[in-house]
Amino acid sequence: MRQLTNYLFESLKEIKGELHSLLEYVKADDTLDMEFRGDSITLYYRGGAILTVEVNPDDSFEWKELSKEYLLGCDLSHRAKSYEDYIPEAKHIIDRYICDGPKNHLGEKEIQQLVVKENNYSPYSNDTDYFIVDMEFEEGKDGDGRFDLIALRWDSNVPSRRKDKVSLAVIEVKQGIKSVASSKSSPGLHKHQKDFSEFIQKKKKADTLSAFCDDMLMIFKQKCELGLIIGNDRTARMNVDDRLECSRKIDFICLLANYKAASSNLVAELMGKGIDDFMRPCKIIVSNYMGYGLYSANIIDFSSGIDDGSTYLDAEKRRQSFLYANELRNGEKSLFGNAKNFGGVWSRSLSKWYHYPYILRHEDSLYNLFSGIREDAIDYFERHDIAWWSQDSDRYFPTGNLVSSQNHCLNHLFAMRADKQAVLSIIQGVCPGIKDILPSPVDCYETKIVKGKSVPCDSYITFEFSLRNNYLLGERSDKRGKKCTSVDAFVYAIDQKERPILIPIEWKYTESYDRISAYKRAVQSSINRYVGLANMDSSNLKEWISSYEWDPLYEFARQELFMERIIQMHPKCGREHEPLAAEDYIHIIVRPDENELIRKDISDFRETIVDKEKLIEVDPKVLLAPLNGNVAYDELLKYLKKRYWENVK
């Protein structure tokens with residue numbers, strides 16, 4: 001137990017207590033910090049233990065001075081018990097040790113004490129969301145549980161402070177880029193988090209986790225009553241008998257002081273040494289303003305974002321994260337170019353942001369695309385006012401999500417969009433009845449970027465294809481890539497009977513869908529637009545059925561109706577605004593063979609349609625197989641093979 005014994009607590013608290021004057025001395029000097037050790041107290045200065053007072057068996061006190069390592073060969077002229085003379089001299093020795101010592105161990109420890117000061121007894125501690133309960137925590141002779149700081153979270157907003165509910169966090173302090181990474185001589189974050197997890201699990205197994213939480217809670221109340229925590233009116237009135245309820249869920253938080261963001265050490269530490277060696281979810285403190293005040297809004301969830309399940313999505317998150325981590329470690333640029341940062345933000349709710357290693361930061365997200373298409377893809381999306389699927393409001397920039405289907409599609413197809421023979425070869429590979437392909441009916445006056453210059457061209461693949469959706473489907477928008485029925489890629493072809501054919505290509509990568517949750521069902525007002533169209537005798541959908549109201553079947557069904565309406569209504573488009581002629585369509589869905597969940601969804605959809613031959617599904621490796629041996633696509637195929645098609649080792 002770390003809470004003070006009643007005898008020691010009363011010796012500090014009572015005016016006539018033997019240690020009361022020492023307590024008042026410490027409270028008058030904010031360069032000193034007093035920490036509780038059960039039957040002893042320790043004073044810290046700049047992170048160094050400057051004085052320890054222990055209770056002897058006969059209830060007398062033993063005053064212990066600086067350890068010899070700080071003295072650097074000199075002697076103390078004042079004894080510890082005469083603390084008014086001893087402490088100033090001991091401070092000077094600590095100062096000299098920090099400046100002149102052969103090896104300064106107090107860098108991180110000094111930061112720890114600054115955190116204690118800022119959050120416990122500075123003029124601004126009333127505004128922070130955490131109080132520091134213990135510094136240099138260690139339990140057991142074998143060091144079972146050794147943590148830099150134990151913090152108590154009690155948010156500074158009025159509703160939180162009125163409640164009696166708090167929680168604990170273990171904070172590990174690391175300074176500089178070298179301290180983050182694991183090495184033979186120094187444990188990194190991975191080791192500290194593993195120790196934390198083992199500590200918690202051991203306490204749960206022994207049924208002592210509640211006792212640990214209660215112990216930390218009592219220390220907090222003791223410090224409040226002794227005036228060592230200056231928080232607010234509530235803490236000022238608090239005593240050891242006050243009621244507080246402490247959650248048994250304890251956070252692991254990393255405080256990275258003076259960490260250089262361009263370093264790859266943090267991503268290497270998060271991802272570990274192998275594809276399944278990633279760190280478990282932890283929190284990392286960031287700062288919008290300088291200082292060591294701890295605010296809940298600036299403590300971000302820095303998670304692998306990878307569940308313990310075996311879904312294809314989880315596997316690809318691991319895989320893409322590890323590929324990126326390897327490039328950062330080894331200084332390679334074959335996949336992600338000059339991307340130097342990781343841990344971009346991704347929102348799971350309106351109020352909470354999460355940071356994951358499989359999300360490139362926004363400033364680096366362009367490197368999520370194959371190097372041969374980056375400039376051209378940006379230009380294409382901007383000229384056609386196409387919305388990127390993105391983590392923020394910048395619609396003219398690709399997402400940094402490494403498992404994005406949109407980027408997956410572009411990385412496979414965009415490089416060949418102006419190469420008629422290449423596009424024809426991959427289409428004929430899955431649709432042998434296709435004789436020829438035609439230029440895009442909607443990408444008019446098309447150009448491509450070659451060596452920084454815009455060059456006129458015909459485009460044979462349209463990306464994020466939509467066309468007069470308000471007229472054809474009754475939808476409110478026909479903006480490409482946003483809030484309307486669209487397809488990821490589209491090819492306009494001629495079959496062996498000389499008939500014009502529509503070929504929508506829907507691209508799936510890691511998707512899996514919940515077709516049970518009511519809140520994921522399409523809204524009824526949207527569904528109503530499609531019911532009548534699906535129930536027409538001419539539709540390939542037998543009728544509108546309830547399973548169409550959840551993705552991905554909702555998406556597949558709308559795409560079929562979209563193609564049928566184009567064939568029926570001949571919407572005008574192109575340079576001359578002529579009717580788009582088509583007599584049939586072939587619906588291609590591209591998905592990895594390994595994604596069994598999406599394959600099951602496609603199979604379920606196929607069972608609901610009349611002409612099952614209209615629906616073709618194919619693995620992206622198979623789709624692009626006709627390009628093997630085409631020297632123009634050697635670099636692209638190497639990229640795709642390394643990034644998407646091969647197993648990571």
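Worth a mention:
- The residues of the chain present an accessible area of 46 Å² per residue when probed at 1.4 Å with all protein chains retained.
- Overall, the chain carries a charge dipole of about 1100 debye about its Cα centre when +1 sits on the Cβ of Lys and Arg and -1 on the Cβ of Asp and Glu, all other atoms neutral.
- Listed residue pairs exceeding 26 Å between alpha carbons, taken from LYS340/LYS642; LYS64/LYS191; LYS497/LYS638; LYS202/LYS283; LYS483/LYS642: LYS64/LYS191; LYS497/LYS638; LYS483/LYS642
- Net dipole in debye of the stretch 79-128 [+1 Lys, Arg Cβ; -1 Asp, Glu Cβ; about Cα centre; nearest 20]: 220 debye
- Reachable lysines, given that their alpha-carbon falls under 21 Å from the alpha-carbon of LYS223 and they are not under 8 places away in the same chain: LYS13, LYS16, LYS27, LYS109, LYS117, LYS163, LYS165
- FRET efficiency for the ASP551 to LYS453 pair, using the beta carbon distance and R₀ = 51 Å, is estimated at 0.80.
- Most positive-pole-ward Cα, GLN113, ALA261, GLN559, against dipole of the chain from beta carbon charges: GLN559
- The residues packed around LYS91, meaning those with a beta-carbon under 11 Å from its beta-carbon, carry a net charge of -1 if Lys and Arg are +1 and Asp and Glu are -1.
- Each Cα pair under 8 Å and six or more residues apart adds its sequence gap; the mean of these over the residue count of the stretch 76-224 is a relative contact order of 15 percent.
- Candidates LEU22, ILE229, GLY481 compared by Cα position along the dipole of the chain: farthest toward the positive end lies GLY481, with charges placed on Cβ.
- When Rg and Dmax of the Cα atoms in Å is calculated for this entry, the matching label among (1) 25.3, 78; (2) 29.8, 98; (3) 32.4, 106 is (3).
- Cα-based shape type of the stretch 1-132, given that a ≥ b ≥ c are square roots of the gyration tensor eigenvalues and the cut on a/c is 1.5: oblate
- Here CYS213 sits with roughly 0 square angstrom of accessible surface, probe radius 1.4 Å.
- Accessible area in the full protein assembly, largest first, 1.4 Å probe, for HIS412, HIS362: HIS362, HIS412
- Placing dummy labels 7 Å off each Cα toward the beta-carbon, the span from THR5 to ASN535 is 8.4 nm.
- Computed extension gain for ASP214 through ALA581, at 0.36 nm per residue and net of the alpha carbon distance, reaches 124.6 nm.
- Sum of side-chain charges, VAL26 neighbourhood, beta-carbon under 11 Å (Lys, Arg +1; Asp, Glu -1): -4
- List SER321, SER183, ordered by accessible area with a 1.4 Å probe, largest first: SER183, SER321
- Summed side-chain charge close to LEU294 - residues other than LEU294 whose Cβ falls under 10 Å, Lys, Arg +1, Asp, Glu -1: -1
- For the stretch 529-649, with +1 on Lys and Arg beta carbons and -1 on Asp and Glu, the positive-most of PRO620, ILE598, MET536 along the dipole: PRO620
- Modelled label reach - SER334, point 7 Å along Cα→Cβ, the stretch 400-433 residues with backbone N closer than 19 Å: 411-412
- Mean separation of Cα contacts under 8 Å (6+ apart) over length of the stretch 495-649, as relative contact order %: 27 percent
- Computed over the chain, the per-residue total of -39500 (n - 2.57) for DSSP H runs of n ≥ 4 gives a 222 nm mean residue ellipticity of -9500 deg cm²/dmol, rounded to 500.
- Antiparallel bridges, percent of DSSP beta bridges restricted to the chain (to nearest 5): 70 percent
- The distance between label points at VAL622 and LYS165 comes to 5.2 nm (points 7 Å beyond Cα on the Cα→Cβ vector).
- Of the accessible area of the chain, computed with a 1.4 Å probe over protein heavy atoms only, carbon and sulfur atoms account for 49 percent.
- The modelled label-to-label distance for the pair LYS638/LYS64, using points 7 Å beyond Cα in the direction of Cβ, is 6.3 nm.
- Order of exposure, largest accessible area first, which applies to LYS612, LYS317, LYS451, LYS163 with probe 1.4 Å: LYS451, LYS163, LYS612, LYS317
- For the stretch 187-300, the Cβ-based charge dipole about the Cα centre amounts to some 180 debye (Lys, Arg positive; Asp, Glu negative; other atoms uncharged).
- Under 20 Å from LYS204, Cα to Cα: aspartates and glutamates that are on another chain or at least 8 residues apart: GLU138, GLU139, ASP142, ASP144, ASP195, ASP214, ASP215, GLU245, ASP251
The values are calculated or read from the model by the stated rules, or taken from the named source; none is laboratory data. Keep in mind that this is a model prediction, so the values were computed, not measured. Every residue, glycine among them, receives a Cβ derived from its backbone with ideal geometry; neighbour counts consider all protein chains shown. Side chains included, ligands, DNA and RNA excluded: accessible areas come from the protein's heavy atoms. Shrake-Rupley method; radii C 1.70, N 1.55, O 1.52, S 1.80 Å.
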